[in-house]
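Undergrad: Could you have a look at this structure, given as structure tokens, before my questions?
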Amino acid sequence: LPVQDHPPGYARLPDGVSLRACVESQCARITALEPGAILLMRWEADPQHLAILSSLPGGFGMIHAWAGLRRVVEHGLTPEWLDRIVCDEDGPAIYRLPGVVG
């Protein structure tokens, strides 16, 4: 399945509703962290950022675009970043792309 590159009307600070709907329309929700998973992240209350979970020596990492650095980076999944993962009544908002095996 081809993945759309962004939801319609996507902005630098997208509204959380359309970003989440785009992810949920193209990915399967999963219950555990695994390399390759997509993390739906929030800055304030709304989802506004995505990251890909990676594996680093000693634990998980994440790959994402860091606007302040103006590049894509990989770094450890620290407690601060874990706290940014959107959570709801079903737990953390963690997804898998179609065809990706965890």
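The values are calculated or read from the model by the stated rules, or taken from the named source; none is laboratory data. Since we're looking at a predicted model, the values are computed, not measured. All Cβ positions, glycine included, derive from the backbone under ideal geometry; neighbour counts span all protein chains shown. Please note that ligands, DNA and RNA were not included when accessible areas were found on the heavy atoms of the full protein model with its side chains. Shrake-Rupley method; radii C 1.70, N 1.55, O 1.52, S 1.80 Å.
Undergrad: Among 80-92, 33-45, 63-75, how do they line up by average Cβ neighbours within 10 Å per residue, starting with the highest?
TA: Top of the packing list down: 33-45, 80-92, 63-75.
Undergrad: How far, in nm, would the chain grow between Glu80 and Glu44 when pulled straight, counting 0.36 nm per residue and subtracting the alpha carbon separation?
TA: My answer for the length gained is 11.7 nm.
Undergrad: If Thr31, Thr78 are ordered by their accessible area, calculated over protein heavy atoms with a 1.4 Å probe, which sequence runs from highest to lowest?
TA: Thr31, Thr78
Undergrad: Hey, rough spin-label estimate for Ala21 and Arg70, points 7 angstrom out along Cα→Cβ, what's it come to in nanometres?
TA: Taking the two extended label points, one gets 3.4 nm.
Undergrad: What ³J(HN,Hα) values, in whole Hz, does the Karplus curve 6.51 cos²θ - 1.76 cosθ + 1.60 give for region 36-49 when θ = phi - 60°, with x put for Gly and Pro?
TA: Calculated HN-Hα couplings, in order: x, 5, 9, 9, 8, 10, 10, 9, 10, 8, 9, x, 9, 7 Hz.
Undergrad: Could you pull out every residue, at least 5 positions away or on a different chain, whose amide H is within less than 5 Å of the one on Leu77? Hs are placed 1.01 Å off N in the peptide plane, and Pro or chain starts have none.
TA: Sorted by chain and number, the residues that satisfy this are Phe60, Gly61, Met62.
Undergrad: How long is the gain from Asp90 to Thr31 if the chain were fully straight, where each residue apart is worth 0.36 nm and the alpha carbon distance is subtracted?
TA: That pair, Asp90 and Thr31, stretches by 20.4 nm at full extension.
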